[in-house]
Amino acid sequence: MTSSSSSDDSAPYVMLLTSDGAGLTGFPATLLPNAQVLVRNLPVEHLTGIGSGEIIIIPSPNSDLPVQRVRATGTLAQLTNENSPTAFAVITLSRPVADVPLPDSASTREALEALRDRFDGDLAAGLQAEGMTATLLPVDAQRVASTARVVCTEPLVRVGPLRDFSLCLIFPVHCG
(Lines give C-alpha, C1' and ligand atoms only; values in the text may rest on other atoms or scores of the structure.)
Protein backbone atom coordinates (compact mmCIF):
# COMPACT_ATOMS: atom_id res chain seq x y z
CA MET A 1 0.00 0.00 0.00
CA THR A 2 1.12 3.52 -0.63
CA SER A 3 0.23 6.45 1.53
CA SER A 4 -2.66 8.59 0.42
CA SER A 5 -1.24 11.77 1.86
CA SER A 6 2.41 11.72 0.82
CA SER A 7 5.30 9.50 -0.09
CA ASP A 8 6.32 9.56 3.59
CA ASP A 9 6.20 6.01 4.97
CA SER A 10 5.10 7.33 8.37
CA ALA A 11 1.87 8.83 6.98
CA PRO A 12 -1.37 6.94 7.64
CA TYR A 13 -3.22 5.30 4.77
CA VAL A 14 -6.84 6.39 4.50
CA MET A 15 -9.53 4.68 2.47
CA LEU A 16 -13.20 5.38 1.90
CA LEU A 17 -15.34 2.27 1.65
CA THR A 18 -18.67 2.86 -0.05
CA SER A 19 -21.51 0.41 0.37
CA ASP A 20 -23.95 0.71 -2.50
CA GLY A 21 -25.32 -1.08 -5.57
CA ALA A 22 -21.76 -1.90 -6.67
CA GLY A 23 -21.07 -3.61 -3.34
CA LEU A 24 -18.28 -2.61 -0.99
CA THR A 25 -15.72 -0.56 -2.92
CA GLY A 26 -12.62 1.29 -1.68
CA PHE A 27 -11.12 4.61 -2.75
CA PRO A 28 -7.93 6.27 -1.45
CA ALA A 29 -8.56 9.34 0.69
CA THR A 30 -6.51 12.14 2.24
CA LEU A 31 -6.91 13.45 5.78
CA LEU A 32 -7.86 17.14 6.01
CA PRO A 33 -8.24 19.49 8.98
CA ASN A 34 -11.56 19.68 10.85
CA ALA A 35 -12.28 15.92 10.91
CA GLN A 36 -12.62 15.66 7.15
CA VAL A 37 -11.18 13.55 4.36
CA LEU A 38 -10.84 14.23 0.66
CA VAL A 39 -11.46 11.71 -2.10
CA ARG A 40 -10.36 12.69 -5.60
CA ASN A 41 -11.87 11.09 -8.70
CA LEU A 42 -14.69 9.37 -6.83
CA PRO A 43 -17.10 7.84 -9.37
CA VAL A 44 -20.37 9.77 -9.07
CA GLU A 45 -22.41 6.58 -8.69
CA HIS A 46 -20.59 5.88 -5.39
CA LEU A 47 -21.64 9.16 -3.76
CA THR A 48 -24.83 7.62 -2.40
CA GLY A 49 -22.86 4.77 -0.78
CA ILE A 50 -20.72 7.00 1.46
CA GLY A 51 -23.19 7.20 4.36
CA SER A 52 -23.59 3.44 4.52
CA GLY A 53 -19.86 2.85 4.17
CA GLU A 54 -17.00 3.88 6.43
CA ILE A 55 -13.55 5.43 6.40
CA ILE A 56 -10.64 3.19 7.34
CA ILE A 57 -7.46 4.73 8.76
CA ILE A 58 -4.44 2.44 8.73
CA PRO A 59 -1.51 3.74 10.80
CA SER A 60 2.04 3.55 9.52
CA PRO A 61 3.69 0.14 9.89
CA ASN A 62 5.91 1.42 12.72
CA SER A 63 2.92 2.66 14.76
CA ASP A 64 1.34 0.86 17.70
CA LEU A 65 -2.03 2.52 17.02
CA PRO A 66 -4.89 0.27 15.88
CA VAL A 67 -6.64 0.45 12.54
CA GLN A 68 -9.57 2.83 12.95
CA ARG A 69 -13.00 2.79 11.38
CA VAL A 70 -15.10 5.92 11.40
CA ARG A 71 -18.44 6.84 9.84
CA ALA A 72 -19.24 9.77 7.61
CA THR A 73 -21.80 12.37 8.62
CA GLY A 74 -21.94 14.33 5.37
CA THR A 75 -20.35 14.87 1.97
CA LEU A 76 -19.78 17.86 -0.24
CA ALA A 77 -19.00 16.82 -3.82
CA GLN A 78 -17.82 19.05 -6.65
CA LEU A 79 -18.37 18.00 -10.27
CA THR A 80 -16.50 19.91 -12.96
CA ASN A 81 -19.64 19.75 -15.16
CA GLU A 82 -23.07 18.10 -15.08
CA ASN A 83 -21.85 15.07 -17.05
CA SER A 84 -18.68 14.55 -15.05
CA PRO A 85 -18.20 10.84 -14.25
CA THR A 86 -16.15 11.61 -11.12
CA ALA A 87 -16.35 13.96 -8.17
CA PHE A 88 -13.96 15.72 -5.82
CA ALA A 89 -15.54 14.84 -2.46
CA VAL A 90 -14.91 16.25 1.02
CA ILE A 91 -16.39 13.96 3.65
CA THR A 92 -17.00 15.03 7.24
CA LEU A 93 -16.21 12.35 9.82
CA SER A 94 -18.29 11.57 12.91
CA ARG A 95 -15.24 12.21 15.10
CA PRO A 96 -11.72 13.55 14.71
CA VAL A 97 -9.12 10.88 14.01
CA ALA A 98 -6.04 13.04 13.49
CA ASP A 99 -4.45 16.38 14.18
CA VAL A 100 -4.01 18.04 10.77
CA PRO A 101 -2.75 21.59 11.30
CA LEU A 102 -2.58 24.06 8.45
CA PRO A 103 0.96 25.02 7.43
CA ASP A 104 1.91 28.57 8.48
CA SER A 105 2.12 29.53 4.80
CA ALA A 106 -1.63 28.85 4.49
CA SER A 107 -2.88 30.50 7.64
CA THR A 108 -5.13 33.12 6.01
CA ARG A 109 -8.04 32.89 3.62
CA GLU A 110 -6.07 34.80 0.97
CA ALA A 111 -3.13 32.40 1.28
CA LEU A 112 -5.48 29.40 0.97
CA GLU A 113 -7.12 30.88 -2.12
CA ALA A 114 -3.72 31.58 -3.71
CA LEU A 115 -2.59 28.04 -2.93
CA ARG A 116 -5.80 26.57 -4.36
CA ASP A 117 -5.34 28.63 -7.54
CA ARG A 118 -1.68 27.58 -7.88
CA PHE A 119 -2.75 23.92 -7.77
CA ASP A 120 -5.65 24.29 -10.21
CA GLY A 121 -8.30 23.94 -7.53
CA ASP A 122 -6.76 20.99 -5.65
CA LEU A 123 -6.18 22.67 -2.31
CA ALA A 124 -5.23 19.38 -0.61
CA ALA A 125 -2.36 18.87 -3.08
CA GLY A 126 -1.22 22.43 -2.42
CA LEU A 127 -1.37 21.98 1.35
CA GLN A 128 0.63 18.77 1.11
CA ALA A 129 3.22 20.55 -1.03
CA GLU A 130 3.43 23.19 1.72
CA GLY A 131 4.10 20.48 4.33
CA MET A 132 0.66 19.68 5.80
CA THR A 133 0.95 16.46 7.79
CA ALA A 134 -1.48 14.34 9.76
CA THR A 135 -0.77 12.91 13.20
CA LEU A 136 -3.23 10.24 14.22
CA LEU A 137 -4.88 10.77 17.58
CA PRO A 138 -4.75 7.96 20.13
CA VAL A 139 -8.11 6.20 20.31
CA ASP A 140 -8.63 7.42 23.90
CA ALA A 141 -8.44 11.04 22.70
CA GLN A 142 -11.23 10.38 20.21
CA ARG A 143 -13.85 9.09 22.63
CA VAL A 144 -17.05 11.04 22.41
CA ALA A 145 -19.23 11.34 25.52
CA SER A 146 -22.39 10.95 23.47
CA THR A 147 -23.50 7.53 22.33
CA ALA A 148 -25.88 9.04 19.78
CA ARG A 149 -26.31 7.15 16.54
CA VAL A 150 -24.25 8.58 13.66
CA VAL A 151 -26.46 10.02 10.93
CA CYS A 152 -25.07 10.59 7.46
CA THR A 153 -26.81 13.22 5.36
CA GLU A 154 -27.28 12.93 1.61
CA PRO A 155 -24.34 14.28 -0.40
CA LEU A 156 -24.49 17.93 -1.39
CA VAL A 157 -23.38 18.06 -5.03
CA ARG A 158 -22.17 21.25 -6.70
CA VAL A 159 -21.23 21.75 -10.33
CA GLY A 160 -18.38 23.99 -11.49
CA PRO A 161 -14.61 24.21 -11.59
CA LEU A 162 -12.65 23.11 -8.53
CA ARG A 163 -11.60 26.73 -8.08
CA ASP A 164 -15.23 27.39 -7.10
CA PHE A 165 -15.04 24.85 -4.26
CA SER A 166 -15.90 26.60 -1.01
CA LEU A 167 -12.96 26.99 1.33
CA CYS A 168 -15.42 27.90 4.08
CA LEU A 169 -16.66 24.32 4.23
CA ILE A 170 -13.18 22.97 4.92
CA PHE A 171 -11.74 25.90 6.85
CA PRO A 172 -14.65 27.70 8.54
CA VAL A 173 -12.27 29.64 10.81
CA HIS A 174 -11.42 31.85 7.81
CA CYS A 175 -15.04 32.62 6.93
CA GLY A 176 -16.35 34.58 9.92
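The values are calculated or read from the model by the stated rules, or taken from the named source; none is laboratory data. Computed from a predicted model, the values in this text were never measured in an experiment. Because the Cβ atoms are built from the backbone with ideal geometry, glycine has one as well, and the counts that use them run over all protein chains shown. Just the protein is used for accessible areas: all its heavy atoms, side chains included, with ligands, DNA and RNA removed. Shrake-Rupley method; radii C 1.70, N 1.55, O 1.52, S 1.80 Å.
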Quiz item: Any residue at all in segment 53-76 that is touching a Ser or Thr at 6+ places or on another chain (Cβ under 8 Å), open to solvent by 70 Å² or more (accessible area, probe 1.4 Å) and touching a residue at least 40 places away in the same chain (Cβ under 8 Å)?
Solution: yes
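Does P28 count as within 13 Å of the chain's Cα centre (by Cα), assigned to a loop (DSSP other than H, G, I, E, B) and surrounded by 15 or more Cβ atoms within 10 Å (Cβ to Cβ)?
Taking the combined requirement at face value, the residue does not satisfy it.
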Practice problem: Spot the failing condition for D20; the list is (1) modelled with pLDDT of 90 or more; (2) touching a helix residue (DSSP H, G or I) at 6+ places or on another chain (Cβ under 6 Å), and only one is missed. | Solution: (1)
Self-check item: Residue list for segment 77-116, restricted to those being among the β-branched types (V, I, T) and crowded, with 20+ Cβ neighbours inside 10 Å
Solution: V90, I91, V97, V100
Exercise. Any residue in segment 106-118 that's more than 15 Å from G131 (Cα to Cα): show its pairings with residues that are among the aliphatic types (A, V, I, L, M) at Cβ separation under 7 Å, as long as the two are six or more apart or on different chains.
Key: R109/L167; E113/L167
Quiz item: Tally time: how many residues in segment 65-119 are farther than 20 Å from T48 by Cα and small (G, A, S)?
Solution: 6
Quiz prompt | R40 vs. criteria of a type outside the set (V, I, T), open to solvent by 60 Å² or more (accessible area, probe 1.4 Å), assigned to a strand (DSSP E or B) and over 24 Å from G131 (Cα atoms) | solution = no
Practice problem: Would you check if there is a residue in segment 117-139 being exposed (fewer than 13 other Cβ atoms within 10 Å of the Cβ) and modelled with pLDDT under 75? | Solution: yes
